[in-house]
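Working notes, beginning with the structure itself.
The values are calculated or read from the model by the stated rules, or taken from the named source; none is laboratory data. Predicted model, so just to flag it, every value in this text is computed and none were measured. Don't worry about glycine lacking a Cβ; one is built from the backbone with ideal geometry, like all the others, and counts go over all protein chains shown. Ligands, DNA and RNA are excluded from the accessible area calculation, which covers all protein heavy atoms including side chains. Shrake-Rupley method; radii C 1.70, N 1.55, O 1.52, S 1.80 Å.
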Amino acid sequence: MAKLNENFSKLKKNYLFVEISKRIKAYSESHPEEAKRLIRMGIGDVTRPLAPAVVDAMKKAADEMGVKETFRGYDDLGVGYDFLRNAISDYYKSFGAEVSADEIRVSDGAKSDCGNIVDIFGAGNTVLVTDPAYPVYVDSNIMNGNEVIFADSTEENGFAAMPDSNIKADLIYLCSPNNPTGSVYNKAQLKEWVDYALANNAVIIYDAAYEAFITEADIPRSIYCVEGAKKCAIEICSLSKTAGFTGTRCGYTVVPNELIQKDIAGNDVKLADIWQRRQGSKFNGVSYPVQRAAEAVFSPEGQKQCRENIAYYQENARVIAATCDKLGIKYTGGVNSPYIWLKCPNGMGSWDFFDKLLTEIQVVGTPGAGFGKNGDGWFRLTAFGTHEATKEAMERLENLLK
Ligand SMILES: *Cc1c(COP(=O)(O)O)cnc(C)c1O
């Protein structure tokens, strides 16, 4: 008999988005007319098409694949072509972080690397995750049999959990700009986390999937903008939100050469080496046309076009935030993030507020309770819709709550 990984039974049911769909379906069936007005502001997926420079590069690469002289098979070590790794390294330089091309591994997205990175760490680590958080950090650790403890992100700390010197964590997951709360760490706060990690010989897994949404000049775009981070942090990034690659699939992970931990025998181990070993065994790289498309994201033309799409979403975020301001609703995010994380009015619970918006104004958001216990009473709206739908939804919200 095949023995199963019993850790799967310890996972929380994939409750959030299933429950949301269930409630929308039930409402749509009982109220077919009203359901035609439904505006979805719940899902964290982009809607703007790929930039023309990106599409051109992908087409050109597809043509190359059909010609004997320019056809390409495996991407050698599966780490990503030099043209793309150099482009990413230059991108880091543009916001003041020194990351060399050989520290970068191209991936098929941040979710897989966030999950797979767990493989290079052993059993018995104290894993610290902020609450609320992107569910992948907890789930991937539970699947590997690890226990997870939480650092509270709350209204009091602006949904930016800080280290507690009484807790000795070995692995720490941070996400800034944050999904779901839209909050960001400033340089001083990130420095506290880096100092804490260095003092405890801990490793930070830093999810920077939303770095391109940062608008304030003093907010770090990378953890490597902070001194000492290269000795303690792995950074995982993605083109999904930066350049609309959710369906195209490309990301990158930085494991710095200076990131060294001791094995049980006391020998120094470069984490980059064991991550390379893990990926070498289980991953064969990203398709050539997608890597060319990704390279185009970092070209001057690609950057200009991708920035225009981000600006489009940022305008939506501004409209949502302005509505909350008008209604006196507390929120975080919206400035350096496509998410607005708002406090449900009149002390309502997340799911009650969800039902109220669904049934009274046909607007769908995401109940904060689905991201952790500190999310209850909070609600996430995304700026990834169209201007028209976002404005319409905010007008309805204003009429409902004013
Ligand atoms: C969307 C998102 C990602 C990106 O995942 P991909 O697999 O690259 O599409 C990573 N982390 C967070 C927090 C996200 O919201």
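Out of curiosity, is ALA53 open to solvent by less than 80 Å² (accessible area, probe 1.4 Å) and closer than 30 Å to VAL99 by Cβ?
On the way: open to solvent by less than 80 Å² (accessible area, probe 1.4 Å): yes; closer than 30 Å to VAL99 by Cβ: yes.
Considered against the rule, which asks whether it is open to solvent by less than 80 Å² (accessible area, probe 1.4 Å) and closer than 30 Å to VAL99 by Cβ, ALA53 comes out as yes.
Could you tell me whether LYS68 is without any contact (Cβ under 8 Å) to a residue 12 or more places away in the chain, farther than 29 Å from TRP275 by Cα and either open to solvent by less than 30 Å² (accessible area, probe 1.4 Å) or basic (Lys, Arg) (or both)? Taking the combined requirement at face value, the residue satisfies it. Test ASN146 against the criterion of being open to solvent by 50 Å² or more (accessible area, probe 1.4 Å), part of a loop (DSSP other than H, G, I, E, B) and more than 16 Å from the ligand (Cβ to nearest atom), and give yes or no. Taking the combined requirement at face value, the residue does not satisfy it.
The set of residues from region 187-220 being part of a helix (DSSP H, G or I) and open to solvent by less than 10 Å² (accessible area, probe 1.4 Å) comprises LEU190, TRP193, VAL194, ALA197, GLU211, ALA212, PHE213. Counting only helices (runs of 4 or more DSSP H) that sit wholly inside region 284-356, not one has at least 2 residues that are modelled with pLDDT under 95.
From the list GLU211, GLU156, the one residue that fits, being among the acidic types (Asp, Glu) and away from the ligand (no atom under 16 Å from the Cβ), is GLU156.
Give region 224-250 a look and list any residue that's within 13 Å of LEU174 (Cα to Cα) and either within 14 Å of the ligand (Cβ to nearest atom) or assigned to a loop (DSSP other than H, G, I, E, B) (or both), or say none. Residues satisfying the conditions are CYS232, ILE234, GLU235, ILE236, CYS237.
Name the residues in region 328-349 that are more than 21 Å from ALA369 (Cβ to Cβ) and out of contact with any Phe, Trp or Tyr (no Cβ under 8 Å at 6 or more places or on another chain), would you? Walk me through it before giving the result.
Narrowing region 328-349 to residues more than 21 Å from ALA369 (Cβ to Cβ): 328, 335-336.
GLY328, VAL335 - these are the residues of region 328-349 that are more than 21 Å from ALA369 (Cβ to Cβ) and out of contact with any Phe, Trp or Tyr (no Cβ under 8 Å at 6 or more places or on another chain).
Considered as a group, the residues in region 74-94 that are crowded, with 17+ Cβ neighbours inside 10 Å and assigned to a loop (DSSP other than H, G, I, E, B) include one that is nearest to the ligand (Cβ to nearest atom), and that residue is GLY80.
Comparison of VAL106, VAL118, VAL129 shows that the only residue that is outside any strand (DSSP E or B) and either within 30 Å of ALA293 (Cα to Cα) or more than 11 Å from the ligand (Cβ to nearest atom) (or both) is VAL118. Just one of the listed residues (ARG292, ARG318) is over 21 Å from TYR210 (Cβ atoms), more than 16 Å from the ligand (Cβ to nearest atom) and basic (Lys, Arg), namely ARG292.
Under the condition of being among the charged types (D, E, K, R) and open to solvent by 80 Å² or more (accessible area, probe 1.4 Å), which residue from region 1-19 is farthest from VAL138 (Cα to Cα)? Selected residue: LYS3.
Checking the condition polar (S, T, N, Q) and either crowded, with 16+ Cβ neighbours inside 10 Å or more than 23 Å from the chain's Cα centre (by Cα) (or both), which residue from THR382, THR386 passes?
Numbers: THR386 fails: either crowded, with 16+ Cβ neighbours inside 10 Å or more than 23 Å from the chain's Cα centre (by Cα) (or both).
Sole residue among the options that is polar (S, T, N, Q) and either crowded, with 16+ Cβ neighbours inside 10 Å or more than 23 Å from the chain's Cα centre (by Cα) (or both): THR382.
Sort through ALA123, ALA161, ALA97, ALA169 and tell me the only one that's under 19 Å from SER337 (Cβ atoms) and either without any contact (Cβ under 8 Å) to a residue 24 or more places away in the chain or assigned to a loop (DSSP other than H, G, I, E, B) (or both). Break it down stepwise before answering.
On the way: ALA123 fails: under 19 Å from SER337 (Cβ atoms); ALA97 fails: under 19 Å from SER337 (Cβ atoms); ALA169 fails: under 19 Å from SER337 (Cβ atoms).
It is ALA161.
Sub-9 Å Cβ pairs linking a first residue in region 105-117 that is among the polar types (S, T, N, Q) and open to solvent by less than 10 Å² (accessible area, probe 1.4 Å) to a second residue that is more than 6 Å from the ligand (Cβ to nearest atom) and not in a loop (DSSP other than H, G, I, E, B), at least 6 apart or interchain, are SER107/ASP113; SER107/ASN116; SER107/ILE236; SER107/TYR252; SER107/THR253; SER107/GLN279, ordered by first then second residue.
Name the single residue that is nearest to the chain's Cα centre (by Cα) among those in region 315-348 being among the polar types (S, T, N, Q) and open to solvent by less than 30 Å² (accessible area, probe 1.4 Å). Lay out the reasoning, then the answer.
Just the residues of region 315-348 that are among the polar types (S, T, N, Q), to begin with: 316, 323, 332, 336-337, 346.
Subsequent filtering for residues that are open to solvent by less than 30 Å² (accessible area, probe 1.4 Å) retains 316, 323, 332, 336-337.
Values: ASN316: 19, THR323: 25, THR332: 16, ASN336: 13, SER337: 11 Å.
Out of the qualifying residues, it is SER337.
Selection of region 251-283 for residues being more than 16 Å from the ligand (Cβ to nearest atom), hydrophobic (A, V, I, L, M, F, W, C) and open to solvent by less than 10 Å² (accessible area, probe 1.4 Å) yields VAL255, LEU259, LEU271, TRP275.
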